[in-house]
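Q: So that we are looking at the same thing, I have put the structure below in structure tokens.
The values are calculated or read from the model by the stated rules, or taken from the named source; none is laboratory data. As the structure is a prediction and not an experimental result, all values here were calculated from the model. Reconstructed Cβ throughout: ideal geometry from the backbone, glycine too, with neighbour counts over all protein chains shown.
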Amino acid sequence: MELFKGRPMAFIGTAALVCALLGWYLSGWAKLLVAAAVCLLFLLLICLASCGRICRRNFVTGIIVCLVSVCVLLRAYFYFDCRYLGMTRLCGDEHEFTARMIKRSASGAYSERFEAEIESIDGESTDCSAWISCEYAASYQPGTLIGFCAVPEPFEKTALYDGERAALSQGYMLGITLESEENCAVLSDEALPGLRGAMLRLNAKLSFALSEGVGGDAGALSAAMLLGDRGGIDDSVERDFSRAGVSHLLALSGLHLSVIAGAVGWLLSRLRMPKPLKTLLLAGFVLFYLALTGFLLSTVRAAVMLLMVWGAYYSGADSDGVSSVFLAAVLILIVSPAAIVDAGFMLSFSAAFGIAVFLPVYTKWSSKKLTALRQSAGKVRICAARFFIGAGALLLTGLSANCFTLIIIWSLFGAAPLAAPLTNLLLTPLAGPFLALSMVYLPFDGVPVFGKAVAAAVRLIADIMLRSCARISDIRGAVISLEYDFTPYILIFAALFMLVMLAVRLRHKLLVFIPPLAAASAFALCLFLGGANTKPVSVECLSDGSSEALILTSAGGAVIVDIGDGSYGSLRSAVGAAEANGATEIEALVLTHYHQRHTASAERLMKREKVRRVWMPYPQNSRDAGIMARISEAAGREGVECAVYYPGEAMICFGDAAIVSSGPVTIERSTHPVIRLTVYNGEQGSVEYIGSSAWEAPTCAGGVGGGAVIFGSHGPVIKSASPVVLGDGVDEAVFCSGAAAYAVIEGGAADVGKIRLTVCPQLWRGQG
């Protein structure tokens, strides 16, 4: 095969990737059986080599493939089936823990989350990483040793979110929640010892210097792009960068390492150092930078590739990008088998592979063109040619990366930014001078004139990047959903076709772009002919038995009614349900009542997702007015329109869909009035939604009618069932209160006739 010709490392890397996938999906005994089969293959290769049936080069490659495969499988077995499964057996029972805090990973209005290392469980020494969530204002510093008793909880794993995969990909095997500081004892408050602690403290010191010296979002952006400290990055900035297709600029990767190492290399060249010493110093700097930023998988991959390039340069040999990518993958998977489920690793590997395949072809062609121009053209023409060749290289880099990451983006995120190629062409060139100036600023922090001038230049470039991403993010249709029935067939066909074209000899390797271009055209045609804008409104109700959220989706937009219990988990589930149905932005957030937790949850939603409008009911008292004022203030900061709706007023959301509210009704033992919403979708039908325990007050539920009637679970706990009166035309009655609803159904309190009854403890789907 052309791609693997003369590249034994490509065979070895492919075997490692396949075995890593098997290590994740197969059970423990299945892993051992595959490892045993590979060992038999190893013995067969030895027998063939002894008989002279296989050449020496193929024999060596086959032996290395077998050894790497066995190593990856055994590492996966001991990591997933021995260590992780052993930790999961602790869930559900109370245990005594000793944990050392490493760093704060997330901070919310009511909680803090830390990355920690568990040193002992029930007095026995152990070694595993964990997420510790503190439901109080915790002030633990890196290195703080704490002791506590807690009940570990299994990682959240639903159809909309795989918390287990997210945790394991980052090396965390336990999730622990501490509800009170009184149950936690600080055993030691010393700084984190060793080299790791020194690197964390240095990273924090440098990040603080950038954040405070540069200031604002520019300082936070500088600390994130240079040092990997994303703690100061606002959620709205991450949202804008993601919708603009340049979220990779916020995460340390090969781009950042190349720029930083290139700047150091340029400085060493000015000092006229000999080539061997320069190479050693660069390698030492790269290792220091990896330790400073915490050995992130993307930077480790880039570091291995850079070291191979420098080694080839020093030795006079030719470097090969494809082999470098596969070597990096082998090393990472042997050390960390959970990297195969890490989104960053998969995206980084596939993007680097695409660039390594196509960029050398373009570079070789462009160098020939420039050589010919130097012999016949003037300086102005040569400069213009260099500009367009550089722009073409950036565009080709973006297209190559996007082509090879599209399937991963579809499977993990379900949406893709349309403006990514153009945005990368415009903003990626700014990353180089931005990182270089951020590096220059650190040693001159506090210098009156020069330091302030460099900080001003950093702020200027950051402002251009932030404003550009915000403008692109605000465009309707900036992100297109990939959650369509025809998408997998088109993408898989394009991927297989590209692999076939890479496997055969091509005169022009750029011909491989024909399949993705054809796939993009087919996707656009299917999207147009499929009539995405004519789809009926999809209605989904998420419930946990005590609260619920109603999600309406159509034509790439979504309307969220209430936000569950206001927690991050319920917010993530509501957004995930909307995205799974093809929504790429929130057309409106509709609140049926005012609750204190709506302030933080609404603000969090507007920061994390693109929200166009917030609908709120008319306030009934000063308390409601205060909550409405705080939500309006948060919406103003994010550029979200606010509106107040009144009883009987139609809220037009998208297309023919409209929501009409009833007047507020206060039910027994409830602190919040109940508002009945009717969702109309033209002539497609309607859905009635009552967000509280409506059967406690027959006046609230009486006479409702529609294709489906949803009875929520907001409000007080149900103690006794009351008759539920349903009007004509009701096809389905949905109860969101879980087991409490069975008393209504089985007791015959509701005269439903042929109406379908549904208990919705988690998710209900229907169409309006």
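Q: Going residue by residue through segment 431-451, is there one that turns out to be surrounded by fewer than 14 Cβ atoms within 10 Å (Cβ to Cβ), of a type in the set (A, V, I, L, M, F, W, C) and at pLDDT 85 or above?
A: Yes, that holds for at least one residue.
Q: Check whether at least one residue in segment 637-652 is surrounded by fewer than 17 Cβ atoms within 10 Å (Cβ to Cβ), at pLDDT below 75 and out of contact with any Pro (no Cβ under 6 Å at 6 or more places or on another chain), and report yes or no.
A: Taking every residue of segment 637-652 in turn, at least one turns out to be surrounded by fewer than 17 Cβ atoms within 10 Å (Cβ to Cβ), at pLDDT below 75 and out of contact with any Pro (no Cβ under 6 Å at 6 or more places or on another chain).
Q: Looking at segment 195-238 only, could you name the residues that are of a type outside the set (A, V, I, L, M) and within 17 Å of the chain's Cα centre (by Cα)? Please lay out each step first, then the result.
A: Initially, segment 195-238 is screened for residues of a type outside the set (A, V, I, L, M), giving 196-197, 201, 203, 205, 207-208, 211-213, 215-217, 219, 222, 228-232, 234-236, 238.
Matches in segment 195-238: Gly228, Asp229, Arg230, Gly231, Asp234, Asp235, Ser236, Glu238.
Q: Mind checking which residues of segment 331-344 are surrounded by fewer than 23 Cβ atoms within 10 Å (Cβ to Cβ) and hydrophobic (A, V, I, L, M, F, W, C)?
A: Residues satisfying the conditions are Leu331, Ile334, Val335, Val341, Ala343.
Q: How many residues, within segment 154-180, are surrounded by fewer than 16 Cβ atoms within 10 Å (Cβ to Cβ) and among the acidic types (Asp, Glu)?
A: The qualifying residues number 1.
Q: Something else about it: Taking Leu178 as meeting all but one of (1) modelled with pLDDT of 80 or more; (2) within 19 Å of the chain's Cα centre (by Cα); (3) aliphatic (A, V, I, L, M), write down the number of the exception.
A: Single failed check for Leu178: (2).
Q: Same structure again: Could you list, ordered by first residue, the pairs with Cβ atoms under 7 Å in which the first is in segment 8-32 and touching a residue at least 12 places away in the same chain (Cβ under 8 Å) and the second is surrounded by 15 or more Cβ atoms within 10 Å (Cβ to Cβ) and basic (Lys, Arg), at least 6 apart or interchain?
A: Leu22/Lys31; Gly23/Lys31
Q: A further question on this structure: Go over the candidates Ala384, Ala377, Ala352 one by one and state the one that is at pLDDT 75 or above, among the aliphatic types (A, V, I, L, M) and over 26 Å from Leu252 (Cβ atoms). I'd like the intermediate steps shown before the answer.
A: Numbers: Ala377 fails: at pLDDT 75 or above; Ala352 fails: over 26 Å from Leu252 (Cβ atoms).
Residue meeting the stated conditions: Ala384.
Q: Restricting attention to segment 69-78, which residues are within 22 Å of Phe155 (Cα to Cα) and surrounded by fewer than 18 Cβ atoms within 10 Å (Cβ to Cβ)?
A: Correct list: Phe78 only.
Q: Within segment 214-228, track down each residue that is within 15 Å of Val454 (Cβ to Cβ) and not in a helix (DSSP H, G or I).
A: Scanning segment 214-228 gives a single hit, Gly215.
Q: Let me ask you something else. Can you pull out every residue in segment 435-474 that is of a type in the set (Phe, Trp, Tyr) and touching a Leu at 6+ places or on another chain (Cβ under 8 Å)?
A: Keep residues of segment 435-474 that are of a type in the set (Phe, Trp, Tyr), which gives 441, 444, 450.
Within segment 435-474, Tyr441 is the sole residue that qualifies.
Q: Every residue in segment 389-409 that is surrounded by fewer than 19 Cβ atoms within 10 Å (Cβ to Cβ), in contact (Cβ under 8 Å) with a residue 24 or more places away in the chain and either touching a Gly at 6+ places or on another chain (Cβ under 9 Å) or among the hydrophobic types (A, V, I, L, M, F, W, C) (or both), please.
A: Within segment 389-409, Ala391, Ala393, Leu394, Leu395, Ile407, Ile408 meet the criteria.
Q: Do we have Glu153 as closer than 30 Å to Ser411 by Cβ and touching a strand residue (DSSP E or B) at 6+ places or on another chain (Cβ under 8 Å) here?
A: On the way: closer than 30 Å to Ser411 by Cβ: yes; touching a strand residue (DSSP E or B) at 6+ places or on another chain (Cβ under 8 Å): yes.
So Glu153 fits the description; yes.
Q: Of all the strands (runs of 3 or more DSSP E) wholly in segment 85-155, which have at least 3 residues that are of a type in the set (Asp, Glu)? Explain how you work it out, then say what you get.
A: Numbers: elements: 95-107, 112-121, 124-134, 145-150.
Once the strands (runs of 3 or more DSSP E) in segment 85-155 are filtered for at least 3 residues that are of a type in the set (Asp, Glu), what remains is 112-121.
Q: Ala312 versus (1) modelled with pLDDT of 75 or more; (2) of a type in the set (Gly, Ala, Ser); (3) touching a Ser or Thr at 6+ places or on another chain (Cβ under 8 Å): which is the lone unmet condition?
A: With (1) modelled with pLDDT of 75 or more; (2) of a type in the set (Gly, Ala, Ser); (3) touching a Ser or Thr at 6+ places or on another chain (Cβ under 8 Å) applied to Ala312, the lone miss is (1).
Q: If Ala37 satisfies all but one of (1) within 19 Å of Ala339 (Cα to Cα); (2) at pLDDT 90 or above; (3) surrounded by fewer than 18 Cβ atoms within 10 Å (Cβ to Cβ), what's the number of the condition it fails?
A: Single failed check for Ala37: (1).
Q: Scan segment 176-189 and give yes if some residue there is touching a helix residue (DSSP H, G or I) at 6+ places or on another chain (Cβ under 6 Å) and either acidic (Asp, Glu) or touching a residue at least 12 places away in the same chain (Cβ under 8 Å) (or both), otherwise no.
A: Just the residues of segment 176-189 that are touching a helix residue (DSSP H, G or I) at 6+ places or on another chain (Cβ under 6 Å), to begin with: none.
For segment 176-189, residues touching a helix residue (DSSP H, G or I) at 6+ places or on another chain (Cβ under 6 Å) and either acidic (Asp, Glu) or touching a residue at least 12 places away in the same chain (Cβ under 8 Å) (or both): absent.
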